[in-house]
Structures are given as structure tokens and as C-alpha cells.
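The values are calculated or read from the model by the stated rules, or taken from the named source; none is laboratory data. Values in this document were obtained by computation on a predicted structure and should not be read as measured data. Neighbour counts run over all protein chains shown; Cβ positions are idealised from the backbone, glycine included.
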Amino acid sequence: MTEVLIIAYHFPPAGGGGVQRMSKFVRYLPDFDIRPIVLAGPGIGRGRWEPTDPSLSDDVPEDVAVYRPEDPPPAGFGDSRLHRILGTAGAFPRWWQHAVLHLGTTIAREHHPRVILVTAPPYHSIGSAIRLAERLGLPVVVDLRDPWALDEGRFYPSGLHRRKALGEMRRLLTAADAVVMNCPEAGATVRSLVTDQTKIDVLPNGFDAADFATLTRRPTRRLQVVHTGYLHSAAGLEHRRRQRRRLVLGAQIIPIDLLGRSHFYLLESLRLLAARNPGLTDRVEIILAGVLSDMDKRLVELAGLDMPVLMPGYVDHRQAIQCMIDATVLFLPLHGLPDGHRARIVPGKTYEYLASGTPILAALPNGDARDLIVETAAGIPVEPADVDAMAAALEKLLMEAVPRRPVNDLSPGYERRELTGRLAEILHNQI
């Protein structure tokens, strides 16, 4: 087997959607004659954005070697506000960069990998992986996923900071031997940044058919509107206040409605729907499964809905998929965009939502995610802030006998094992 060193800060038992991409690759790479060796972060919970999900460790074969830094990371995940303003690396990036270089060198002496595969975020991993690859004389494949400094939902202190990040992004991707993005729009965006466009490939996040194989839909007492994962209420409200300044400073690419990446407009549409159809309040419940912020919960209180809103907190991956299958409607939100623009990201849960067969209320701008919903006839797409259209769509999905698609009825091209086969081909081509 060909040995590949995988650098992935977020790795089981760390939880969250971003972890699953690499844990699934590690699960299936041995099927394609590749033995992964993993250099991972601590795998411990560190607040809202880094939950722990031991169930994801089931994806990692027992014979896969996983190395972690011996020294604990410094407090706080990202850079301090001062470091962000100055554009310098804080304690955490320095700690992780040191771990990648030194532990990576030790791993290479023992295992002799032929290729390095690094996944982001954190984006600090990429520069460290390229330095390690240069030290060892190895090719490096960058699994960038989202388009970093070209992501319309990513903000910087100023235009100067954004241009600096863009320059760093261009430099690192030019140095990489291959780059992998997670949706076509992101791939097209990044191709415009590098000279050798042939090095850019697209591998979506996808779904694992094995995760759905043993689960069946359970009867529910009420009609369920379900969202799984993170909501961005506080960031969305803050962005409303700061967007004009950010645009003047050049700190963001285009105007966006970040509040679309929350349940803000969903709650408004449910209030409208309840006023039109009071009988619904006794039949419907809302489930927001994920680590919610105080503002996420506060918005629920302020909405004053006369129907249950369940907030079970973080649920493990298997429970999340069961929630998707049991739901009457799945809520899939994203930020709003001006006319003529397409989103450069796809929410990671999109593919599992599609695989569940449950009808989807897709509050999405134009982009790859909305295209998928339309192409698969998997639900009703609406603009992220169109409360009237959202209420009408909910009424149709809840009150009419909308047919459910079969579980796992999605193109095999989005299945995790097949996607891993395509990644294996990219890795083999670097040798």
C-alpha cells in the first residue's frame, strides 16, 4: 500500500460536520491501496465550535496510526483581536505550525509516506504542510474545501488584511501540487487565482450510504421542521450593524445577508403561517439540533411561537441522521446574496439532507446548493430572507402529502466511498 500522511487538525473524537469529510476519506482510502497516517489536533472539546463526538471515531479503522501533539494547545482557538488587526500569527497558529513541522518529521522517519494531504481549516495548516513537504521532498495535496479569502462570507479587519490573505492563498496554492475544493463554484473561483488550473479538482462532501443503511423512519406525534448543525444568529445580527463599514473598508467582497444562516427568517415565517392557519400550532414542532448560542435561543423566545421548539443541543452523527429521516421538513439555510451572484459554498449537511429523502425547505441563494435541490426535486427553494415564500413553502410541505424520496436515492457520484476513490486517484497521480 502507498502510505499518505494526512494533516487534519479537526479529527475524531472531535465532532461537527467539518470532521466527517476527512474521517470518511480515512475510512475508505485503504480500499484504494492507500494507507493513511494521520497527524491530528488534540481531539478534545474546546467550546461551541469544537464539540466532541466519540461516535465519529467508528469511521477510523483500528490499524490507522493517529498522532497528536503531546503539548496541549494554548487557550483560545483563533488569533486574538490584536493579532488579527496586526495581521500576525497568535499563540495557537504558532503552536500548531510547530506541531506539524516537528511531529510530521518524526512520523515521516517512521512511516516513509509518499504524499502529504493537508486539509483546512485551520488555514495555518497549509503553509506548515508545504514547508514540511519541502523539507521531506514530497508532493503535497491541499484539501482547501471552501475558497478561503475568496469566500463571500469571510470578513477581515480591512481590505488590506483581505488582500494580504489573498496573496498568501495564491502563494500557497501555487506551491501545492494539487488542490481540492468541495463544490464546483468554489473550484471555478480558485482556478481564476492560479496559473496551472489543471491542478484544481472538485470533490463534494457527499454522504455515506452506510450511515443510512440501518436506520428507518420512526413515527412522530407532530409534524417536524428540523434543522441540524450550527446557526449564526449573533454573527448575522452583528453583521447587519457592521456591513456598511466593512464594505467601505474593503473587508468583505460583496454585500451579503449573513442572518440568512440562522433561523431568524424561519421563525418569522412560522409566525406568519400560524396566523394564517392557527390549527397548525397543535400539529407542528420545531427541532433545532446543534450547539446553540445564547442569541440563537433568544430569537426563539422573542418569536413567541405557540408551538414547541425543541433544542436538544449537540447530537452525535448517528442521531443527527435519524433526526433527518424522521423529519417532515428539513430546513437548509444560507446567507442571502445580491442579484447576479452565486454562493461559493455548499452547506456540508446538504448531501445528507438529500440522502435522507425528507422534503427540504431550501432557503438558499443562487449557487450549487440551490442547483442540487432543483435538479433532484428534493424540496422547495426560496430566497433566504423571503418570509412570505418561506411560509407558503412550509404550508405546502406540512399540509400536503408531499412524496418522500427513497433514502440514499442520490447520485453515486456523491457517495463518500466513490468520492474517496477519486481522491485516491489524485494522490496516486502525485507519486
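In table form, for the structure just shown:
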| quantity | calculated |
| --- | --- |
| Only one of V26, V4 that is within 20 Å of the chain's Cα centre (by Cα) and crowded, with 23+ Cβ neighbours inside 10 Å | V26 |
| From the options R416, R344, R422, residue that is more than 27 Å from R222 (Cβ to Cβ), touching a Phe, Trp or Tyr at 6+ places or on another chain (Cβ under 9 Å), in contact (Cβ under 8 Å) with a residue 40 or more places away in the chain and charged (D, E, K, R) | R416 |
| Candidate set from region 169-185 (those that are within 16 Å of the chain's Cα centre (by Cα) and under 17 Å from V118 (Cβ atoms)); member that is surrounded by the most Cβ atoms within 10 Å (Cβ to Cβ) | M181 |
| Subset of region 389-431 that is hydrophobic (A, V, I, L, M, F, W, C) and in a loop (DSSP other than H, G, I, E, B) - its residue that is surrounded by the most Cβ atoms within 10 Å (Cβ to Cβ) | L410 |
| Qualifying position, being under 24 Å from F25 (Cα atoms), assigned by TED's automatic domain parsing to the domain that holds L258 and not polar (S, T, N, Q), among V387, V346 | V346 |
| Enumeration of residues in region 250-298 that are closer than 25 Å to D326 by Cα, assigned to a helix (DSSP H, G or I) and of a type outside the set (A, V, I, L, M, F, W, C) | G260, R261, Y265, E268, S269, R271, P278, G279, T281, D282, D296, K297 |
| Members of region 364-388 that are assigned to a helix (DSSP H, G or I) and aliphatic (A, V, I, L, M) | A369, L372, I373, V374, V387 |
| Region 96-109, subset surrounded by fewer than 18 Cβ atoms within 10 Å (Cβ to Cβ) and closer than 30 Å to F155 by Cβ, residue modelled with the highest pLDDT | L101 |
| Out of L150, L172, L138, sole residue that is in contact with a strand residue (DSSP E or B) (Cβ under 9 Å, 6 or more places away or on another chain), outside the structural domain of N366 (by TED's automatic domain parsing), under 15 Å from A120 (Cα atoms) and not small (G, A, S) | L172 |
| Test: residue in region 353-360 that is of a type outside the set (S, T, N, Q), crowded, with 23+ Cβ neighbours inside 10 Å, without any contact (Cβ under 8 Å) to a residue 40 or more places away in the chain and more than 17 Å from C183 (Cα to Cα) | yes |
| Residue match in region 142-149 (condition: within 23 Å of A235 (Cβ to Cβ) and without any contact (Cβ under 8 Å) to a residue 24 or more places away in the chain) | yes |
| Residues of region 1-35 classified as free of Cβ contacts under 8 Å to residues at least 60 places away in the same chain, in contact with a strand residue (DSSP E or B) (Cβ under 6 Å, 6 or more places away or on another chain) and part of a helix (DSSP H, G or I), total | 1 |
| Residue in region 161-168 that is crowded, with 21+ Cβ neighbours inside 10 Å, under 27 Å from I254 (Cα atoms) and not assigned by TED's automatic domain parsing to the domain that holds R342 present | yes |
| From D201, D143, residue being out of contact with any Gly (no Cβ under 9 Å at 6 or more places or on another chain) and not assigned by TED's automatic domain parsing to the domain that holds T350 | D143 |
| Residues satisfying the stated conditions in region 11-38, i.e. out of contact with any helix residue (DSSP H, G or I) (no Cβ under 8 Å at 6 or more places or on another chain) and either among the small types (G, A, S) or more than 18 Å from A99 (Cβ to Cβ) (or both) | G16, G17, G18, R21, P30 |
| Any hit, region 53-63, residues being in contact with a Leu (Cβ under 9 Å, 6 or more places away or on another chain) and either outside the structural domain of P139 (by TED's automatic domain parsing) or at pLDDT below 95 (or both) | no |
| Residue in region 36-56 that is of a type in the set (D, E) and either more than 23 Å from Y314 (Cα to Cα) or free of Cβ contacts under 8 Å to residues at least 12 places away in the same chain (or both) present | no |
| Residue that is out of contact with any Leu (no Cβ under 8 Å at 6 or more places or on another chain) and small (G, A, S), where the choices are A235, A213 | A213 |
| Test set (1) surrounded by fewer than 18 Cβ atoms within 10 Å (Cβ to Cβ); (2) touching a strand residue (DSSP E or B) at 6+ places or on another chain (Cβ under 8 Å) - E50 fails condition number | (1) |
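This table checks each residue for (1) within 16 Å of R154 (Cβ to Cβ); (2) over 17 Å from the mean Cα position of the chain (by Cα); (3) in contact (Cβ under 8 Å) with a residue 24 or more places away in the chain.
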residue	(1), (2), (3)
T220	no, yes, yes
Y230	yes, no, yes
A234	no, yes, yes
L247	yes, yes, no
V284	no, yes, yes
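Quick grid of which residues meet (1) assigned to a helix (DSSP H, G or I); (2) out of contact with any Ser or Thr (no Cβ under 7 Å at 6 or more places or on another chain); (3) of a type in the set (F, W, Y):
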{"position": "V300", "(1), (2), (3)": "yes, yes, no"}
{"position": "L310", "(1), (2), (3)": "no, yes, no"}
{"position": "C323", "(1), (2), (3)": "yes, no, no"}
{"position": "G340", "(1), (2), (3)": "no, yes, no"}
